[in-house]
Amino acid sequence: MATNHPLIEKFQQAGQGQVFAYFDELSPEAQRQLLAEAAEIDLAEVERLSRTLLAKGAAAGVNLEGLTPAPYEKRPEHGGDAAAWAKAKAAGEAALRAGRVAAFTVAGGQGTRLGYDGPKGTFPVTPVRRKTLFQVFAEKIRAAGVRYGKPLHWFIMTSHVNHAATEAFFTANQCFGLDRDHVHFFRQGRMPAVGFDGKILLEGKGTIALSPDGHGGSLRALERSGALDLMQREGVDILSYFQVDNPLIRIIDPAFIGWHVLGASEMSSKMVPKAFPEEKVGHFCVQQGRRVVIEYSDLPLAMQREKGPDGQLRYLAGSIAIHLLDREFVRRMARVQPGVAEGNAPTLPFHRADKKIPTLDATGRPVKPEKPNGVKFEMFVFDALPFARQPVIIETRREDDFSPVKNAEGVDSPKTCRDDQLRQFARWLKANAATVTTDATGLPAVSLEVSPLFGYDEDSFADAWRKLAAKPAITEGLYLE
């Protein structure tokens, strides 16, 4: 073995020399690849996580002491202050006209659960034209830039698995009409999987078992990629964060931006009232005076089902992974090592996930375990919420903001998402005096589609519809652009 290589020596000194156990069997190219993967690993971080998260009792449940439901800004139709919402909308529009806002998509996933081979963002989702998720987002961002007179920057975090394919997809489609200089790609970080003894696992003789570091890793990826510095040069200080699987999202929401700005918030979030007690969403809560998100799997069913004097669920506020992030807050979170507190500095924790990890046995043969044999480490972006100054949570309408594509069939599937898009288009048409036949759920009798370039929310749609000299008939296959 080339033990004189400084990186190999470093791993040996850290007790992780097994990573290079088969180094001498590899071709020169495979050796270079293994060294490149090893160079990604922070051995001190791995040692610290193994010591803390693999210790006996480390997998204990989340502390729920003193937990209460988080307050949020209710929509006017649910008792919220209509004047405050109008003021927020005006403030958000001013921020957009000033060029302070950029979009940020977490897009590292593949379409595997959908039975689709490729980056999830390239999956077709719209009812008539079969536009992909990326095209829907691009057109919404493009339309908002036109509406507010300031083209928006769009930051897209990919993974090592889909980075090249994602960039090639945008190139082949000319960035869907966006200025290429305003579309920025960077890779998510990776973490090595370890055995229960803390030893880094090999996936193959020349391949380390690496996996993405979770959507919380997006904060340090923004810093490492130079995106935050670019934002600063461009006068952008607000990031609209969303995940790649939700085409219904109102990416550029002036009211949400306004609540964030007027509240001097470092991190703001949207909530939807839970559809039923056991809905699989995180819960916005307060603990020790801080806003937190508690995963559905960590909140006992009795608490999920608890009701208040008004008959509503106490833990009603569901998280849908839509946030606004202050640029300098992201920088502050990114520059402190996750899991390491520095005085009163914030620290984003890693979480432990026991997994079945394909690896090698003692003889170097591939093994696909039947039960968990190791641990992956990941961070969650909502864990930044307790460290944010003046956090704001606002209510949104599920039908206007949330219909993800996660599963091939059933709940959160292409069909449920398609139907929710159709209902949204039908609502916009009806609100503008168009005659649309719908069923009891609001689903129109015909397939139709509204391009975000025509209208990407109820306001922009109303403006565009009003300008039409001749209103089209609502027939099968109608497409408005």
For this session: Take residue 386 and decide whether it is open to solvent by 20 Å² or more (accessible area, probe 1.4 Å), at pLDDT 95 or above and either in contact with a His (Cβ under 6 Å, 6 or more places away or on another chain) or over 26 Å from residue 247 (Cβ atoms) (or both).
Result: yes
For this session: Please tell me if residue 210 is touching a residue at least 60 places away in the same chain (Cβ under 8 Å), buried (at least 17 other Cβ atoms within 10 Å of the Cβ) and not hydroxyl-bearing (Ser, Thr, Tyr).
Result: yes
Exercise. Among all residue pairs at least 6 apart or on different chains, which show Cβ distances below 7 Å where the first residue, located in the range 8-36, is open to solvent by 50 Å² or more (accessible area, probe 1.4 Å) and the second is not in a helix (DSSP H, G or I)?
Worked result: 9/3; 18/199; 24/1; 25/205; 33/206
Exercise. What are the residues in the range 213-223 that are open to solvent by 40 Å² or more (accessible area, probe 1.4 Å) and modelled with pLDDT of 95 or more, if any?
Worked result: 223
For this session: Of all residues in the range 75-91, count the ones that are charged (D, E, K, R) and either in contact with a helix residue (DSSP H, G or I) (Cβ under 8 Å, 6 or more places away or on another chain) or surrounded by 15 or more Cβ atoms within 10 Å (Cβ to Cβ) (or both).
Result: 3
Exercise. Restricting the range 277-317 to residues that are of a type in the set (Gly, Ala, Ser) and part of a strand (DSSP E or B), which is surrounded by the fewest Cβ atoms within 10 Å (Cβ to Cβ)?
Worked result: 282
Exercise. Does at least one position in the range 226-238 carry a residue that is in a helix (DSSP H, G or I), aliphatic (A, V, I, L, M) and over 30 Å from residue 459 (Cβ atoms)?
Worked result: yes
For this session: Consider residue 171 carefully, then state whether it is modelled with pLDDT of 95 or more and surrounded by 20 or more Cβ atoms within 10 Å (Cβ to Cβ).
Result: no
Exercise. Has the range 212-220 got any residue that is within 23 Å of residue 152 (Cβ to Cβ), in contact with a strand residue (DSSP E or B) (Cβ under 9 Å, 6 or more places away or on another chain) and part of a loop (DSSP other than H, G, I, E, B)?
Worked result: no
Exercise. Looking at (1) more than 17 Å from residue 392 (Cα to Cα); (2) at pLDDT 95 or above, can you tell me which one residue 64 breaks?
Worked result: (2)
For this session: Answer with yes or no whether residue 419 is modelled with pLDDT under 95 and farther than 30 Å from residue 265 by Cβ.
Result: no
For this session: Give the residue that is most open to solvent (accessible area, probe 1.4 Å), with candidates limited to residues of the range 443-466 that are farther than 14 Å from residue 143 by Cβ and of a type outside the set (A, V, I, L, M, F, W, C).
Result: 466
Problem set entry | Whichever residue in the range 412-428 is open to solvent by less than 40 Å² (accessible area, probe 1.4 Å) and in contact with a Pro (Cβ under 8 Å, 6 or more places away or on another chain) and, among such residues, is nearest to residue 279 (Cα to Cα) | 417
Seminar exercise, completed: For the range 239-272 the number of residues that are open to solvent by less than 40 Å² (accessible area, probe 1.4 Å) and part of a strand (DSSP E or B) is 10
Problem set entry | Output for the range 253-302, where each listed residue is farther than 28 Å from residue 91 by Cα and among the acidic types (Asp, Glu) | 278, 279, 295, 298
Problem set entry | Within the range 197-249, considering residues that are among the hydroxyl-bearing types (Ser, Thr, Tyr) and under 25 Å from residue 116 (Cα atoms), the one nearest to the chain's Cα centre (by Cα) | 241
Seminar exercise, completed: Per the list (1) closer than 28 Å to residue 471 by Cα; (2) touching a strand residue (DSSP E or B) at 6+ places or on another chain (Cβ under 9 Å); (3) part of a loop (DSSP other than H, G, I, E, B), residue check on residue 423 breaks on (3)
Exercise. Out of all the residues in the range 303-311, is one or more at pLDDT 95 or above and closer than 25 Å to residue 95 by Cβ?
Worked result: no
Seminar exercise, completed: residue 63 vs (1) open to solvent by less than 70 Å² (accessible area, probe 1.4 Å); (2) out of contact with any helix residue (DSSP H, G or I) (no Cβ under 7 Å at 6 or more places or on another chain); (3) not in a helix (DSSP H, G or I): all pass except (1)
For this session: Please tell me if residue 192 is touching a residue at least 12 places away in the same chain (Cβ under 8 Å) and in contact with a helix residue (DSSP H, G or I) (Cβ under 6 Å, 6 or more places away or on another chain).
Result: no
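The values are calculated or read from the model by the stated rules, or taken from the named source; none is laboratory data. Predicted, not measured: the structure shown is a model, and the values here were computed from it. Using ideal geometry, Cβ is built from the backbone for each residue, glycine included, and neighbour counts are taken over all protein chains shown. What goes into the accessible areas is simple: the full protein's heavy atoms, side chains included, and nothing from ligands, DNA or RNA. Shrake-Rupley method; radii C 1.70, N 1.55, O 1.52, S 1.80 Å.
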